[in-house]
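Note sheet for the following structure.
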Amino acid sequence: MEASPACRLALCLLTSLAAQDRTPRELVWGGDAEGGAPFVEADPANPAQVRGFDVEVAARIARGLGGRTARFVQVQWSSIDQSVERGDFALGLSGVEDTPARRTRHAVTIPYFEFREVLAVRPADASRIHGLDDLRGRKVATLGSTIAYDLLLAARDSTGIIPISYDDDVHPYADLVQGRMDAVLLDHIIAQRALRRRGGTGFVILPTPVAVGYYVGVLARADSALRDSVDAVLREAMRDGSLEQTFRRWNVWDESQAVLFDRVLREKATGAVGTARTAGASQVIAYVPSLARAAVVTLLVSFLSMTLAVMVGLALASGRLYGSGWLRVLTTVYIEVIRGTPLLLQLFVIYYGLAGVVRLPAFLAAILALGLNYAAYEAEIYRGALEAVPRVQLEAARTLGFSEMQILRLIRGPQALRYALAPMTNDFVALLKDSALVSVITVVELTKETAIYATNVGSWVVPGLLCAAVYLAMSLPLARLARRLERRWRAA
Amino acid sequence: MARRVTALLAIDRLCVRYDSRDVLRSLSLDVARGEIVALMGPSGVGKTTALRAVAALQPFDEGRIVVDGFDLKPGPVPPESQLEPLRRRVGFVFQSHALFEHLTARDNVTLALRHVWGKTRAESDTIATTLLDALEVGERAGARPNQLSGGEAQRVAIARALAPDPALLLMDEPTAALDPARRAALATSLRRLCDQGRSLLVATHDADFASQADRVLTLG
């Protein structure tokens, strides 16, 4: 039987696509432009394009792989490993650190840049802080899921410092200057960039590094052949001076890079990929205390926020129903503004935006932001529930001599509570999950701790399942209790 | 010249308008102590509106209402804080009963006694038991409104309105949910209440029930 023209056309297209796939003309690489210069940043002249030394390294690698062009894919920095493994791009570059864990789970290139983990402190502290040992009981900030964070966790046990994890590398320095943090431990490139942004004031970088690390490219485990090709290109770039030129262009070249290049070029290519590590029972057990601590933080943040939301929500609903004209307008504006803007934005405004006026501790800021946000939703639930109580009952109460306050307390409120119970339970479960957002202001709760765990073990399967189980264990009993109460009240 | 007001309830040329439409035009009536007065007339003639104006549940535009010396004037309804003397004197039984859904029949009766009129729980319970028994719903004291029949809910609503011992009871269509036997029983109960000196102003469509009243006033 002869194929139809449409089938032949489809077959032809598929064959042509398959051929293209065998000889790719571009190298798709992933990085995080939010990390900014000098790694990867949006080009101010053309924000659709990126620039930075990692962009040039990627372009050099692409050229060396048979004249390919490099195509950038944006990915969150902490997700580079997972994304490269699932095939979103072939090569991850963006200040990716060389760690034993990464080497065991992925195909990792030779190191192409040496960085130093340096401490930044306020100028007033520079004379008495010389290293981590001098920071006992003090808050030291860094980026989560990094070598620096691991160093701080290790130091927590030995020196008693308090590690604080951030999702970005800008706010740790802002909080250091404002006094929320006592020190910041990060790569020297990041520290120097932060200092330049502040005009060289606000903090100082201690001269003695805490540790030394290397930036590498990361590929999927199965791509070890491509990794070997990338290594060859990187060696060539070290030999022909193109890598040095790139680093000099971005003002990150120093003598330690020359030493690194020399050492790398003398070493034989290893090409080995370690045995993939999965989250074994011992690793799960090791993380249980951290997850339990984070679950307690999630519960505390959620309960305290909900309590605040209920109190403020009741006041707002009462204001809308019983208040004078201006109070009704004021409460309506509050509710609409809060409901119409993202919770994440409110978190940033309360924690960072208000820092010039009042420097709230992160935990308090988290509760305030979540509580005040959910209060707007609670207010509308309570208003609806209060208005659902038949008006004739309120009139009957007036004829019996009850004051408005008594009517609210004894007649309207108790009935409204029954109407509000189901949506309130929904809101609490939603809040429990939204509490994960507070990690952006350094509160390490369940989801954040799980992300750290997942990064360390290189898989989301076990950490994800554990995290989901804990969330369910917290939310299901609540939903059950609410259903039981509803049933009891309905029966009554 | 305005009429002299001497009865327990005196309504003098009462006018109520909604959107410049006359709902009630120049209603005048007196109710003496111990008297039952029935207000009759077709739907929309203003029977319920008149009762609501007397109970200060809605404003009126012209005229005057005096309840046992307490004077209501045209204009907005006064705040509850100024209506305490009226609330002591007037009870209201709504057509839909308007029982508090979250409370038992007994608690519906005792709630105002305890929280408004300062009675103890024991005193309130005694009053509630007496009234509910008198209205033949004593056995249903522990039931909630959604567990009561229309007739039972009606009698609980009457007991609740009577609990503070008002001098005047306003009733809106009290027989709407009752079968003929219950209507007759209700008429007997109400007559007994009035024999104790209480006055009743009843809005009704029920001619048989109205015939039990001392006086019938037909509106419209």
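Spin-label model, A:A473/B:R17: points 7 Å from Cα along the beta carbon direction are separated by 7.1 nm. For chain B, the ratio of Cα radius of gyration to the globular rule of thumb 2.2 N^0.38 Å stands at 1.00. Cα extents for region A:26-165 along the principal axes, largest to smallest and rounded to whole angstrom: 53, 38, 22.
Run the helix sum for chain A: -39,500 (n - 2.57) per DSSP H stretch of 4+ residues, divided by residue count, reported at 222 nm to the nearest 500 deg cm²/dmol.
-18500 deg cm²/dmol
The modelled label-to-label distance for the pair B:D179/B:N146, using points 7 Å beyond Cα in the direction of Cβ, is 2.6 nm.
For region A:318-426, averaging the sequence separation of C-alpha pairs within contact (under 8 Å, six or more residues apart) and dividing by the residue count gives a relative contact order of 24 percent. Residues whose amide H lies under 5 Å from that of B:S28, counting only those 5 or more places away or on a different chain, are B:R13, B:L14; hydrogens are built 1.01 Å from N in the peptide plane. Annotation: amide H of A:M181 within the under-5 Å range of A:L176, sequence separation 5 or more or interchain, hydrogens built in the peptide plane. Using all pairs of distinct alpha-carbon atoms, the Kirkwood hydrodynamic radius of region B:116-220 works out to 14.7 angstrom. Per-residue 3J(HN,Hα) values for region B:215-220, derived from phi via the Karplus relation 6.51 cos²θ - 1.76 cosθ + 1.60 with θ = phi - 60°, read 8, 10, 10, 9, 9, x Hz in sequence order (x marks Gly and Pro).
A convex hull fitted around the alpha carbon atoms of region B:16-107 yields 149 Å³ per residue. Divide the volume of the convex hull around the Cα atoms of region A:136-195 by the residue count and you get 67 Å³ per residue. Set the Förster radius R0 to 22 Å, insert the Cβ-Cβ distance between B:S189 and B:R215 as r into 1/(1 + (r/R0)^6), and round the FRET efficiency to 0.05. Once the sixth-power term is evaluated, E becomes 0.70. Sequence-ordered 3J(HN,Hα) estimates for region B:150-161 from the Karplus curve with 6.51, -1.76 and 1.60 and θ = phi - 60° stand at x, x, 5, 4, 4, 6, 5, 5, 5, 4, 5, 5 Hz, glycine and proline given as x. Quick one: angle between helix A:224-240 and the longest Cα principal axis of chain A, in degrees between 0 and 90, rounded to 10, please. The answer is roughly 60 degrees.
With no solvent and one point on each alpha carbon, what is the Debye value of log10 I(q)/I(0) for region A:108-177 at q = 0.12, 0.16, 0.24 Å⁻¹? The calculated log intensity ratios at q = 0.12, 0.16, 0.24 Å⁻¹ are -0.34, -0.59, -1.17. Pairs of Cα atoms nearer than 8 Å and 6+ residues apart set the relative contact order; for region B:46-126 it is 18 percent. Using every pair of distinct Cα positions in region A:389-472, the Kirkwood expression returns a hydrodynamic radius of 16.4 angstrom.
The angle between the Cα long axis of helix A:325-339 and the main principal axis of chain A comes to about 30°, on a 0 to 90 degree scale. Computed from Cα atoms, the angle from the helix B:105-115 axis to the main principal axis of chain B rounds to 70 degrees.
What does the extension gain come out to for A:R197 and A:E26, with contour length at 0.36 nm per residue minus their alpha carbon separation? List each step's numbers first, then the result.
Working: separation 171, 0.36 × 171 = 61.56 nm, distance 3.49 nm.
Here the segment from A:R197 to A:E26 would lengthen by 58.1 nm.
The Cα center of region A:326-352 and the Cα center of region A:372-406 differ in position by 23 Å. Overall, the ratio between the Cα radius of gyration of region A:22-99 and 2.2 N^0.38 Å, rounded to two decimals, is 1.04.
With the convex hull of its Cα atoms as the shape, chain A has an orientation-averaged projected area of 35.0 nm².
Computed log10 I(q)/I(0) for region A:337-492 at 0.09, 0.15, 0.20, 0.21 Å⁻¹: -0.45, -0.95, -1.20, -1.24, from the Debye equation with unit scatterers placed on every C-alpha and solvent omitted. Based on C-alpha pairs under 8 angstrom that are at least 6 apart in sequence, chain A has a relative contact order of 15 percent. Classified by the C-alpha gyration tensor, region A:365-425 has a prolate form. Its axis ratio a/c, with a ≥ b ≥ c, is 1.5 or above, and a/b is larger than b/c.
The convex hull drawn around the Cα atoms of region A:342-389, when projected onto a plane and averaged over every direction, covers 3.7 nm². Have a look at the DSSP beta bridges in chain B and tell me what percent are antiparallel, nearest 5. Taking every DSSP beta bridge within chain B, about 50 percent pair in antiparallel fashion.
Spin-label model, A:D43/A:E255: points 7 Å from Cα along the beta carbon direction are separated by 3.6 nm.
Each reported figure results from applying straightforward, stated rules to the coordinates on display, with no laboratory input. Since the model is a prediction, treat every value here as computed from it, not as a measurement. Cβ coordinates were reconstructed from backbone atoms using ideal geometry, including for glycine residues, and neighbour counts include every protein chain displayed.
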